[in-house]
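What follows is a single structure, written as structure tokens, with notes after it.
The values are calculated or read from the model by the stated rules, or taken from the named source; none is laboratory data. What you see is a predicted model, and the numbers here were worked out from it, not measured in a lab. Here the Cβ is made from the backbone with ideal geometry for all residues, glycine too, and neighbour counts use every protein chain on show. Ligands, DNA and RNA are stripped out before the accessible areas are found, and what is left, the full protein with its side chains, is counted by its heavy atoms. Shrake-Rupley method; radii C 1.70, N 1.55, O 1.52, S 1.80 Å.
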Amino acid sequence: MTEENFKAQILQGIPKEIPNKKDYPNNANRAPKRKDILSVDEKKLAIRNALRYFPSDWHQILGREFAQELNTLGRIYMYRFKPGYPLYARPIDHYPAKSKQAASIMLMIQNNLDPQVAQHPEELITYGGNGAVFQNWAQYLLTMQYLANMTNEQTLHIYSGHPMGLFPSSKEAPRVVVTNGMMIPNYSKQDDWEKYNALGVTQYGQMTAGSYMYIGPQGIVHGTTITVLNAFRKVLQKEESAKGKIFLTSGLGGMSGAQPKAGNIAGCITICAEVNKAAAQKRHQQGWVDELLEDLEQLVERARMAIQQKEVVSLAYIGNIVEVWEKFYQENIFIHLGSDQTSLHNPWSGGYYPVGLSFEESNQLMRTNPEAFKQKVQASLRRQVTAINQHTAKGTYFFDYGNAFLLEASRAGAQIMAENGLEFRYPSYVQDILGPMCFDYGFGPFRWVCTSGDPMDLQKTDDIALQTLEEIRIKAPSEIQQQIEDNIKWIREALSNKLVVGSQARILYADAEGRAKIAMAFNNAIKSGEISAPIVLGRDHHDVGGTDSPFRETSNIYDGSKYTADMAIHNVIGDSFRGATWVSIHNGGGVGWGEVINGGFGLVLDGSDDAAKRLKNMLFYDVNNGISRRSWARNKEALFAIKREMARTPELKVTLPNIVEDELLDILFP
């Protein structure tokens, strides 16, 4: 397809003539069939809702087609309207746009839907089994058309994938405001998502899927690397190596697929179970996992060999993780680290596959008999926890990787609670690792995308980031030296680790000082022509202040406020008027619908003085909003960080807590 044809298709939006019906591609990774949850009247409403995108003389044809999709798949995806051009992050000047900011957003949307990046691209799902960019292809077509015609004095408002329209605003306003799944609180249960998504009125945007900021598995590779490195530091002697020591986990999907690559970088043996053979093969083909095994006995022998030879290797077992936990206990194979990254935020619709059923049998049962499937999942969770408990009794360090494993296991009646009956037996990785070591100090997943699509630009940004971090390290206090060292090592080795999938993107963990200084250096390099095109800045919502999630991001908040969501809301509102190019706020994320509120942003650097002003104001607030909340919760690392920031920035005034002595409380409530 020529560039002109591509631009013409973008500009037309919904086509003037009804396109031919498309066959579903044979090689696509299809999304699970969703629960058949709507009544007959509700199905009629879903069809009525879907047909409003199209002229009435198409309704007879499309009505039957959409009804078939709804009845067989549980959703209306509008496959017929998927564009014929390949979806991937093109260089920014390939997009028809009046605004460079809008063109950057178009690039990011297409990156989220790139088949090399997205988990279920035909269904517009980027990762997590249900993390959607849009609900259907009509929404995609309209959104791209709006962005192509937008000026820098308009804002596009998107309601759970639906482009409500362009509204007059100003150059200082965000170009796009995105919400996903923002339900009235009493309508945020799992079946509510199934129902209202099937009706076509809301969607689950995950964290970075529905806000156009996913950069492929690289993002979570870095977070997982940091987590695994520090988990081994907790269990090994100071000079002891992770070589030949096992990290056992599960999942090789859109996010969890990063685990074996992270394990290799951390220098251990990673064993990762995955029931979906196609997902495991995809990660192997991409070079993210070293070896595939389908026989449990062979896995045992291969693990023993790796231990004996002190290897650094990643092994994918195509099968159920429960079998591995049980078999390794029987065979007396010691596991140093254990976790789980199946999508248990979505337990009944393909997020977790129970032991005893094949992948295909599970997919059929979840559709034909949802209650029986739920019982199988809960029985499997009980069995998995029993096996994990046996290993931890021998010294294994197990942590929840923020996927709602502990939460769903507790709901299944597994032996997962602590003796007090109030807390889980095992910590969230945020409680033990990322919270006190990173988030409370202001370190989180800062990321950028080179819109030129040129690997040379990415290499220049790596060099700039490395130089900036090395300069910061010289004067950094001892409390954050380890964090800076880990990220210097990461960015120095990033190119050789071949982390790019999709857009020319990079991630590292940085605090407010690091983010602002790196971003300013990027902006100067664009201004001078050293970097050839704008850069999009963003972050994972899994960060210092963007997300309120009591079982993950804010699990180390102990003042009782971890179930509140003020921080995430303030984060998005504050970023929007401080210069963000787009902002997003979502109900739901990695731990489930109704369990988390998370916000994100995108910021386009174009080398201008205006961009320099925006990045300084916005990045400062984005991080320090979170640190201030964490310091008010009396987290000692956050208190250190916010006091340090107030000393550097006289304009910052934050309310600090007075510390109450335990002895007083014991007297008051003996």
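Points to keep in mind about this one:
- A306 open to solvent by less than 10 Å² (accessible area, probe 1.4 Å) and more than 27 Å from V591 (Cα to Cα): yes
- Where helices (runs of 4 or more DSSP H) fall entirely within region 551-670, those with at least 2 residues that are within 26 Å of the chain's Cα centre (by Cα) are at 566-578, 609-632, 636-648.
- Candidates I464, I480, I474, filtered to the one that is surrounded by fewer than 15 Cβ atoms within 10 Å (Cβ to Cβ) and either among the hydroxyl-bearing types (S, T, Y) or assigned to a helix (DSSP H, G or I) (or both): I474
- With respect to the stated conditions, A412 is farther than 30 Å from E645 by Cα, in contact (Cβ under 8 Å) with a residue 12 or more places away in the chain and in contact with a Lys or Arg (Cβ under 6 Å, 6 or more places away or on another chain).
- Counted as qualifying within region 244-312 are the strands (runs of 3 or more DSSP E) with 3 or more residues that are in contact with a strand residue (DSSP E or B) (Cβ under 7 Å, 6 or more places away or on another chain) and β-branched (V, I, T), namely 269-274.
- Considering G413, G442, G402, the condition of being of a type outside the set (A, V, I, L, M, F, W, C), open to solvent by 30 Å² or more (accessible area, probe 1.4 Å) and at positive phi is satisfied by G413 alone.
- Candidates in region 227-243 are the residues that are of a type in the set (G, A, S) and assigned to a loop (DSSP other than H, G, I, E, B); of these, the one that is least open to solvent (accessible area, probe 1.4 Å) is A242.
- Region 187-210, residues that are farther than 20 Å from A46 by Cα and touching a helix residue (DSSP H, G or I) at 6+ places or on another chain (Cβ under 9 Å): T208, A209, G210
- In the condition set (1) open to solvent by 30 Å² or more (accessible area, probe 1.4 Å); (2) over 24 Å from the mean Cα position of the chain (by Cα), Q286 is compliant with all but (2).
- Among the residues of region 377-395, those identified as open to solvent by less than 10 Å² (accessible area, probe 1.4 Å) and closer than 12 Å to Y426 by Cβ are V385, I388, H391.
- Checked against (1) open to solvent by 10 Å² or more (accessible area, probe 1.4 Å); (2) of a type outside the set (S, T, Y); (3) within 29 Å of S241 (Cβ to Cβ), I335 meets all criteria but (1).
Listed here are the residues, each with its yes/no results for (1) touching a residue at least 24 places away in the same chain (Cβ under 8 Å); (2) within 29 Å of G74 (Cβ to Cβ).
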{"residue": "G129", "(1), (2)": "yes, yes"}
{"residue": "W137", "(1), (2)": "yes, yes"}
{"residue": "L147", "(1), (2)": "yes, no"}
{"residue": "H162", "(1), (2)": "yes, yes"}
{"residue": "Y196", "(1), (2)": "no, yes"}
{"residue": "A209", "(1), (2)": "yes, yes"}
{"residue": "I220", "(1), (2)": "yes, yes"}
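- The combined condition, being surrounded by fewer than 24 Cβ atoms within 10 Å (Cβ to Cβ) and over 21 Å from P260 (Cβ atoms), is fulfilled by A516.
- Region 617-647, residues that are free of Cβ contacts under 8 Å to residues at least 24 places away in the same chain, over 19 Å from T547 (Cβ atoms) and open to solvent by less than 100 Å² (accessible area, probe 1.4 Å): L639, M646, A647
- Test: residue in region 170-186 that is small (G, A, S), touching a residue at least 40 places away in the same chain (Cβ under 8 Å), under 24 Å from K16 (Cα atoms) and not assigned by the TED database to the domain that holds M366: no
- Listed conditions (1) of a type in the set (F, W, Y); (2) open to solvent by less than 10 Å² (accessible area, probe 1.4 Å); (3) more than 27 Å from the chain's Cα centre (by Cα) are all met by Y329, apart from (2).
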